[in-house]
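Report on the structure given below.
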Amino acid sequence: MASSPREKLNKAPISEVLLMLLSHLRAALADAGLALSGDANRELAGALASGDPHPSREALITHLTALVDGSLNALQAGRDLDFAAALGAEASALGAWETTAEYLELANKKAELETRIVTGSALLVAAGRDEYARYLWDVIAHDAGAMDVDAMVAGRVLQHIDAAGPAPPSKA
């Protein structure tokens with residue numbers, strides 16, 4: 001019987017999970033001024049996983065903080081939505097649309113911003129920036145057991161670092 005995606009993710013070395021996240025953000029990080037080769041990404045992922053120092057660690061934190069905070073601002077700009085509320089909001093909450101193409105563009109933008117927030121936050125948490133764990137908890141709570149990839153990755157990173165503390169209380 002084949003392993004489920006969740007089982008595969010949980011069995012993968014955390015360095016491989018972090019490498020996958022770094023690879024996903026590679027272009028955005030390069031655009032921001034942090035261009036790393038495949039080998040450098042692998043070394044950085046290994047250092048993050050083990051808690052060891054790495055020459056690019058501080059630059060990564062700086063660029064990821066700007067990326068996540070910028071994505072949060074873009075998602076929330078002109079709206080009364082925090083990240084948790086945005087996860088459950090329709091794409092039309094990002095702006096007006098008249099055609100299906102415009103709606104799909106909004107939906108793609110919303111999904112991209114949410115993925116950048118989760119991916120960047122997971123890497124920041126792995127790098128010791130526990131204040132970004134709240135976004136991982138938000139995506140897990142929103143997922144409600146559906147096992148979305150973002151939620152599975154968030155859970156895996158939180159499991160690894162075990163420094164984010166208990167899950168926040170559920171909203172009743």
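Taken together, the values in this text are just the output of simple stated rules run on the coordinates, not laboratory data. Only a predicted model underlies this, so the values are computations on that prediction, with no experimental measurement involved. Cβ atoms come from the backbone with ideal geometry, glycine included; neighbour counts cover every protein chain shown.
Odds and ends about this structure:
- Contacts under 9 angstrom Cβ, first residue in the range 91-118 being among the acidic types (Asp, Glu), partner surrounded by 14 or more Cβ atoms within 10 Å (Cβ to Cβ) and not in a helix (DSSP H, G or I), 6 or more apart: Glu102/Gly95; Glu105/Trp97
- Within the option set Ala47, Ala35, being assigned to a helix (DSSP H, G or I) and either surrounded by 15 or more Cβ atoms within 10 Å (Cβ to Cβ) or on the phi < 0 side of the Ramachandran plot (or both) holds for one residue only, Ala47.
- Remark: Leu94 falls outside the filter, which requires a residue to be within 23 Å of Asp31 (Cα to Cα) and out of contact with any strand residue (DSSP E or B) (no Cβ under 8 Å at 6 or more places or on another chain).
- Considering residues of the range 21-43 that are among the aliphatic types (A, V, I, L, M) and without any contact (Cβ under 8 Å) to a residue 24 or more places away in the chain only, the residue farthest from Glu112 (Cα to Cα): Ala40
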